[in-house]
Amino acid sequence: MAKTRGRPLAAAEPSQEARRRILDAAQSLFAELGYDATPTKRIAEDAGVPQGLLFYYFRTKEGLLEALVAERNFLSELERELKGTKHQDPAQGLWDLAQRFRAVVGRREAIARILMRESLGHPSVAERFTEMRETAIAIIAAFLEAHAMTRSQATVIARAFLYTLLMAAIVDNATTSDDFLLQLIAALLGNETKCDTNHL
């Protein structure tokens, strides 16, 4: 993972630049090492700022984590992408939704990793992660419900679908293959599916 270490911050540089560099360093280190394994001294070093400046902006390490996931949350981007699915066929629609979800998470991989890893021990992170997850499930379920499914059935399928994608992102890169995704869609919809895998 790329390091954010740069030249030491000069006194004349704007305060927002120092704050941004601290957030950049924390994002990179938390994603690579985890929150607990990352000392604030290392964050300050990689940001090129005095350690005291970190606590000036964020007061505590926990406060830094909270600011990071609040300010760099990609919920609006994810919501916009998922709502862009226009397919009439449920199988092709799920394929499209999966590609859009994976594209957003890929662009925001560091924050996504932090959200998934740190949500277990930090309520503020868990809240952001839950918001992202439940919004995505609601959008997927609404799409399925529009294709002659009951709300209950659509919600169960949407939840199983998204949970599988999330678990794949965390522990099993093999399940991100196109072949696995096609089989997952077929299993969830209870039929044989043929998707245009070159759609996006």
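The values are calculated or read from the model by the stated rules, or taken from the named source; none is laboratory data. Quick caveat: nothing in here was measured; it's all calculated off a predicted structure. Backbone-built Cβ (ideal geometry, glycine too); neighbour counts: all protein chains shown.
Scanning the range 46-61 for residues that are crowded, with 16+ Cβ neighbours inside 10 Å and over 22 Å from Val125 (Cα atoms) yields Asp46, Ala47, Gly48, Val49, Leu53. Within the range 75-86, residues that are without any contact (Cβ under 8 Å) to a residue 24 or more places away in the chain reach partners that are in a helix (DSSP H, G or I) and among the small types (Gly, Ala, Ser) with beta carbons closer than 9 Å, at six or more positions or on different chains, in the pairs Glu81/Ala103; Lys86/Gly93.
For the range 72-106, how many residues meet the condition of being surrounded by fewer than 16 Cβ atoms within 10 Å (Cβ to Cβ) and assigned to a helix (DSSP H, G or I)?
Just the residues of the range 72-106 that are surrounded by fewer than 16 Cβ atoms within 10 Å (Cβ to Cβ), to begin with: 75-77, 80, 83-84, 86, 88-89, 103, 106.
Now drop any that are not assigned to a helix (DSSP H, G or I), which leaves 75-77, 80, 103, 106.
Looking only at that region, the number is 6.
Hey, could you check the range 174-186 for residues that are surrounded by fewer than 14 Cβ atoms within 10 Å (Cβ to Cβ) and part of a helix (DSSP H, G or I) and say which is modelled with the highest pLDDT? Talk me through it step by step, then tell me what you get.
The initial filter retains those residues of the range 174-186 that are surrounded by fewer than 14 Cβ atoms within 10 Å (Cβ to Cβ), namely 174, 177-179, 183.
After this cut, where a residue has to be part of a helix (DSSP H, G or I) as well, the list is 174, 178-179, 183.
Working: Ala174: 49, Asp178: 84, Asp179: 86, Gln183: 90.
The qualifying residue modelled with the highest pLDDT is Gln183.
Mind counting the residues in the range 98-108 that are among the hydrophobic types (A, V, I, L, M, F, W, C) and without any contact (Cβ under 8 Å) to a residue 60 or more places away in the chain?
First pass over the range 98-108, keeping only residues among the hydrophobic types (A, V, I, L, M, F, W, C): 98, 101, 103-105.
Remaining after also requiring without any contact (Cβ under 8 Å) to a residue 60 or more places away in the chain: 104.
Of the residues in the range 98-108, 1 are among the hydrophobic types (A, V, I, L, M, F, W, C) and without any contact (Cβ under 8 Å) to a residue 60 or more places away in the chain.
Do we find that Arg113 is surrounded by fewer than 17 Cβ atoms within 10 Å (Cβ to Cβ) and either of a type outside the set (A, V, I, L, M) or under 18 Å from Ala158 (Cα atoms) (or both) in this structure? For Arg113, the condition - surrounded by fewer than 17 Cβ atoms within 10 Å (Cβ to Cβ) and either of a type outside the set (A, V, I, L, M) or under 18 Å from Ala158 (Cα atoms) (or both) - is not met.
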